[in-house]
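Reviewing the structure listed below.
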Amino acid sequence: MDDQSGQTPPPASTAPVPAPYVADSGKKGGLPIKKIISLLIGLAVVVSVIFVAIFVVLPRLSTKSDEDVTLTYWLTFEDPAPFESIAADFHRLNPHIKVNVEKQDVKALGNYAERLATRINNKTGPDIIRYHNSWANELRPFLLPLPEEVVKSTNLDTKFYPVVAADLKKNGAYYGVPIHFDTLALFINTQLFKNVGVDTYPSTWEDFYPTALKLTVKDSTGKITQSGAALGTFDNITHASDILSMLFIQNGADINDLANSEKQASDALDFYTSFAKGDSKVWDDSLDNSTLAFGKGNLAMYIGYSWDIFQLKAINPNLSFIVMSVPHEQERRSSIASYWVEGVSAKTPHPKEAFEFLQFLASKENMEKLYAQEAKARGFGDLYPRSDLAPLLKDNPLIYPFVQQGPDAKSTIFSSDTHDDANVDALVGYMGDAVRGVISGSKSPQSAIETLVSGVAQKLNPNGATKQQ
């Protein structure tokens, strides 16, 4: 209502307005709840960032740096395509590791063992190496021992033939793992046996020579036109040093210590050369090389490895033959094992990755895969070094005898056809000299073995010891 008196009204009160009520927390100077919530949210964000950095970003950065790892794998003799396929499978599972497969022409280049050692020493060699079992002692200083995990996962101690441990295991450690295997076996030309009415095949050496004699044909001058068996000489017999090594072992000689088994070795040498001496000889130096003679159908019995089958079929695709275990001496049934081994270079900058690939390559599954791929191209693949895979070859009577002999197979320091131009070839040369000496009459078996022992000792142990370490 208007003031009728005309007087000015008093000013409004300026008293402070009370603040809104807030419950007392009981603490002086406490943070407001909104600020506390903000701090908690910030802390959660920081923790999340740290978690992502540790468990997501850092592993990815690590993987990215590992992508630069490239391994070089030296392969010998084999077609690289199946191995490249295995390497590709491995790369898919391990994108940070690439494996380059490089085939080495061992025969054409020569000096493989020496070249390998030189390249490893100057750090330009392969990360993964293929080498022959007869080179194990020579190359061991250039190889890394296999980790226990690789030995266990590949079943090296339990599923591989015993000769593998004898060759590759030193002071409890393996220095490689084979992915194939072979042994000497007896090839029989079934048609030649039928031609002379012989319907049984020899399983012992006692039966072998009489059978070979029946199957040998000579012309009116005494020249052999068809041989019963290729034994006795050296230069025209494929695998002569392996065959003679087998006779040494079967006769009780220690192939790594001939000095202490000279009698057994000389008796075996005398037996071997008897096939090419005298009027009852079944073989001589005038004949074709034994592989060619068998392929042409002029040889009834031939001792060789599974890979000889490919050459024989190339010579004569229509050749009719079977394969069986080699003859044996009494209870000693040993054949000779010859195989190539995969190992890891002692100078590789990537040992972890190299062993990962080796473990993958030597798995049971990949051995079967390699065999299948090789078989598509050539009839059969590399034979298995594992006893548990041997039954897979049972339906092929042409190759099963080679792995059937695996449990009793032994290795030799006189392996043929390794083309290393180093220790093994030199030792084979000494053995050739021994055989030639006996055949020519310039040496007795006893003196020839003495000379052989001396040559082996000089090559392997220049300080005087004769036993191979």
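Out of everything in the range 119-137 that is in a helix (DSSP H, G or I) and not hydroxyl-bearing (Ser, Thr, Tyr), what residue ends up being nearest to SER387 (Cα to Cα)? Outline the logic, then answer.
So in the range 119-137, the residues in a helix (DSSP H, G or I) come out as 119-121, 133-137.
From what is left, the residues that are not hydroxyl-bearing (Ser, Thr, Tyr) are 119-121, 133, 135-137.
Details: ARG119: 35, ILE120: 33, ASN121: 36, ASN133: 18, TRP135: 23, ALA136: 22, ASN137: 24 Å.
This residue is ASN133.
Answer yes if at least one residue in the range 149-164 is within 23 Å of ALA240 (Cα to Cα), at pLDDT below 90 and in contact with a strand residue (DSSP E or B) (Cβ under 9 Å, 6 or more places away or on another chain), and no otherwise. If you could, list the steps in order and put the result at the bottom.
Taking the range 149-164 as the starting set, the residues that turn out to be within 23 Å of ALA240 (Cα to Cα) are 163-164.
Within this subset, residues satisfying the condition of being at pLDDT below 90 are none.
Taking every residue of the range 149-164 in turn, none turns out to be within 23 Å of ALA240 (Cα to Cα), at pLDDT below 90 and in contact with a strand residue (DSSP E or B) (Cβ under 9 Å, 6 or more places away or on another chain).
Please tell me if THR216 is hydroxyl-bearing (Ser, Thr, Tyr), crowded, with 22+ Cβ neighbours inside 10 Å and under 28 Å from PRO397 (Cβ atoms).
On the way: hydroxyl-bearing (Ser, Thr, Tyr): yes; crowded, with 22+ Cβ neighbours inside 10 Å: no; under 28 Å from PRO397 (Cβ atoms): yes.
Spelling it out, it is not the case that THR216 is hydroxyl-bearing (Ser, Thr, Tyr), crowded, with 22+ Cβ neighbours inside 10 Å and under 28 Å from PRO397 (Cβ atoms).
Answer with yes or no whether ALA230 is touching a residue at least 24 places away in the same chain (Cβ under 8 Å) and in a loop (DSSP other than H, G, I, E, B).
Details: touching a residue at least 24 places away in the same chain (Cβ under 8 Å): yes; in a loop (DSSP other than H, G, I, E, B): yes.
The answer is yes for ALA230.
Looking at the range 77-88, I want the residues that are in contact (Cβ under 8 Å) with a residue 40 or more places away in the chain and have a partner that is among the polar types (S, T, N, Q) and surrounded by fewer than 18 Cβ atoms within 10 Å (Cβ to Cβ) with Cβ atoms under 8 Å, at least 6 apart or on another chain. Which pairs are those?
ALA81/GLN373; PRO82/GLN373; SER85/GLN373; ALA87/ASN100
For residues that are in contact (Cβ under 8 Å) with a residue 24 or more places away in the chain and open to solvent by 20 Å² or more (accessible area, probe 1.4 Å), scanning just the range 430-443, find the one that is nearest to ASP257 (Cα to Cα).
Residues of the range 430-443 that are in contact (Cβ under 8 Å) with a residue 24 or more places away in the chain, as a first pass: 430-432, 434-436, 438-439.
Pick out the ones that are also open to solvent by 20 Å² or more (accessible area, probe 1.4 Å) and you get 430, 436, 439.
On the way: TYR430: 15, ARG436: 22, ILE439: 24 Å.
Taking the candidates together, the pick is TYR430.
Are there any pairs with C-beta distances below 6 angstrom linking a residue in the range 278-298 that is farther than 11 Å from ILE224 by Cβ to a residue that is of a type in the set (Val, Ile, Thr), with the two at least 6 apart or on different chains, and if so which?
Qualifying pairs under 6 Å: SER290/ILE237; SER290/THR238; THR291/THR238; GLY295/ILE315.
Mind counting the residues in the range 378-418 that are of a type in the set (Gly, Ala, Ser), open to solvent by less than 30 Å² (accessible area, probe 1.4 Å), farther than 27 Å from ASN137 by Cβ and part of a loop (DSSP other than H, G, I, E, B)?
1
Keeping to the range 138-161, report how many residues are in a helix (DSSP H, G or I), open to solvent by less than 60 Å² (accessible area, probe 1.4 Å) and out of contact with any helix residue (DSSP H, G or I) (no Cβ under 8 Å at 6 or more places or on another chain). Full working, then the answer.
Filtering the range 138-161 for residues in a helix (DSSP H, G or I) gives 138-142, 148-154.
Checking the rest, the ones that are also open to solvent by less than 60 Å² (accessible area, probe 1.4 Å) come to 138-140, 142, 150-151, 153-154.
Then drop every residue that is not out of contact with any helix residue (DSSP H, G or I) (no Cβ under 8 Å at 6 or more places or on another chain), which leaves 140, 151.
Count: 2.
Which residues, counting only those in the range 272-319, are farther than 12 Å from GLY232 by Cα, assigned to a helix (DSSP H, G or I), open to solvent by less than 10 Å² (accessible area, probe 1.4 Å) and small (Gly, Ala, Ser)?
Listed by number, the residues that qualify are ALA293, GLY295.
Just name the residue that is nearest to the chain's Cα centre (by Cα) out of those in the range 75-134 that are buried (at least 16 other Cβ atoms within 10 Å of the Cβ) and of a type in the set (Ser, Thr, Tyr).
My answer is TYR131.
Of ILE224, ILE255, ILE237, which residue is modelled with pLDDT of 95 or more, surrounded by fewer than 24 Cβ atoms within 10 Å (Cβ to Cβ) and among the hydrophobic types (A, V, I, L, M, F, W, C)? Steps first, please.
Working: ILE255 fails: modelled with pLDDT of 95 or more; ILE237 fails: surrounded by fewer than 24 Cβ atoms within 10 Å (Cβ to Cβ).
None of the other options fit; the residue is ILE224.
Taking only pairs six or more apart or across chains, which ones have beta-carbon atoms under 8 Å, a first residue in the range 160-176 that is touching a residue at least 24 places away in the same chain (Cβ under 8 Å) and among the hydrophobic types (A, V, I, L, M, F, W, C), and a second residue that is assigned to a helix (DSSP H, G or I) and open to solvent by 20 Å² or more (accessible area, probe 1.4 Å)?
Correct list of pairs: PHE160/SER387.
Do you know which of the residues in the range 162-200 that are open to solvent by 20 Å² or more (accessible area, probe 1.4 Å) and of a type in the set (Gly, Ala, Ser) is nearest to PRO82 (Cα to Cα)?
Only one residue fits best here, namely ALA165.
From the residues in the range 320-368 that are modelled with pLDDT of 95 or more and of a type in the set (Asp, Glu), which one is surrounded by the most Cβ atoms within 10 Å (Cβ to Cβ)?
Per the stated criteria, the residue is GLU353.
In the set THR418, THR412, THR451, which member is modelled with pLDDT of 95 or more, under 25 Å from LYS107 (Cβ atoms) and in contact with a Phe, Trp or Tyr (Cβ under 9 Å, 6 or more places away or on another chain)?
Matching residue, one of THR418, THR412, THR451: THR412.
The values are calculated or read from the model by the stated rules, or taken from the named source; none is laboratory data. For clarity, every value in this text was computed on a predicted model and none was experimentally measured. Positions of Cβ are generated from backbone atoms using ideal geometry, with glycine treated the same way; all protein chains shown enter the neighbour counts. Quick note on the areas: whole protein, heavy atoms, side chains included, nothing else; ligands and nucleic acids left out. Shrake-Rupley method; radii C 1.70, N 1.55, O 1.52, S 1.80 Å.
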